[in-house]
Amino acid sequence: MTNVVLIGFMAVGKTTLGRALAQSLGRVFVDLDELIEKEAGHSIAWIFENEGEDSFRAHETRILEKVLADSNQVISTGGGTPIRAGAMDKMLNSGTVFWLRATPETVSQRVGDGESRPLLAGLGPVDRQKAIGLLLAERETHYGKAHVQIDTDDRDPRWLVNAMLQHLPRE
């Protein structure tokens, strides 16, 4: 068995759907952001604020490589994970990669005030919406390399998990 990797922008449901998919498949669920926080001993917001995005991305790259060395997992990545040099190729080679998509409007609704999201913290509603659109546009080329794209807007989590299961090889 190979890994299942969930990529996509923040607030598209990677963690929620990843847990449910792992349970359906009887696999281990791995949340990259949780592992980064555990290894660093700090929240992602703290790392961004005190060490900077480059430090966070270095943690992310190191942990991704460790995680991808194992198999039979459902892995939820951070929204920026695929933009790191070589990261997308490594994920694609480790198993099936799903791009979970949502419109900027949906993401904006899901993140609320955005204060828990380092790349959106401190932005008002208009600037937050603009930032989401710009970041999504920057990342779409990387996300678009995924094996499968699934829109999460207005979809029930059970429906989404079933949609993913249909794209996985039968074991």
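How are the alpha carbon pair distances in the chain distributed across 10 Å bins from zero to the largest one, expressed in percent?
10, 40, 38, 11, 1
Write down Rg/Rh for the range 49-149, rounded to two decimals, with Rg from the C-alpha atoms and Rh from the Kirkwood relation over Cα pairs.
So for the range 49-149, dividing Rg by the Kirkwood Rh gives 0.98.
Of the residues VAL126, VAL161, VAL107, which exhibits the maximal mean-square fluctuation in a Gaussian network model of the chain defined by a 10 Å Cα contact cut-off?
The residue that fluctuates most here is VAL126.
Nearest 0.05, what FRET efficiency do ALA163 and ARG84 give at R0 = 25 Å with Cβ-Cβ as r?
The pair ALA163/ARG84 has a calculated efficiency of 0.40.
Show me 6-15, 44-53 ranked by packing, highest mean number of other Cβ atoms within 10 Å first.
Going from most to least packed, we get 6-15, 44-53.
What list of ³J(HN,Hα) couplings, whole Hz, do you get for the range 45-50 from phi and the Karplus terms 6.51, -1.76, 1.60, once you set θ to phi - 60° and write x for glycine and proline?
These are the phi-based 3J(HN,Hα) values: 4, 5, 4, 4, 6, 9 Hz.
Taking the alpha-carbon distance from LYS66 and a cut-off under 19 Å, which aspartates and glutamates remain once sequence neighbours fewer than 8 residues away in the same chain are dropped?
Result set, ordered by chain and number: ASP31, ASP33, GLU34, GLU37, GLU39, ASP54, ASP89.
Helix-only mean residue ellipticity at 222 nm, the chain, DSSP H runs n ≥ 4 weighted -39,500 (n - 2.57), per residue, nearest 500. What is it?
Estimated from H runs of four or more residues: -16000 deg cm²/dmol.
Straight-line reach from LYS130: which lysines have Cα under 28 Å away, leaving out those fewer than 8 places along the same chain?
LYS14, LYS145
Non-local amide H neighbours of GLN73 (under 5 Å, H modeled in plane, Pro and chain starts lacking H): which ones?
ASN3, VAL4
Of the residues ASP154, ASP127, ASP33, which exhibits the maximal mean-square fluctuation in a Gaussian network model of the chain defined by a 10 Å Cα contact cut-off?
Largest GNM mean-square fluctuation: ASP154.
Distance in nm between label sites at ASP127 and HIS147, each 7 Å beyond Cα in the beta-carbon direction?
4.1 nm
Taking the Cα centre of the chain as origin and charging only Cβ (+1 Lys, Arg; -1 Asp, Glu), how large is the dipole, in debye to the nearest 20?
520 debye
Any read-out appearing in this document is the output of simple, stated calculations on the displayed coordinates, not a laboratory observation. Small disclaimer: the values here were computed from a predicted structure and weren't measured. Glycine also receives a Cβ, built like all others from the backbone with ideal geometry; neighbour counts cover every protein chain displayed.
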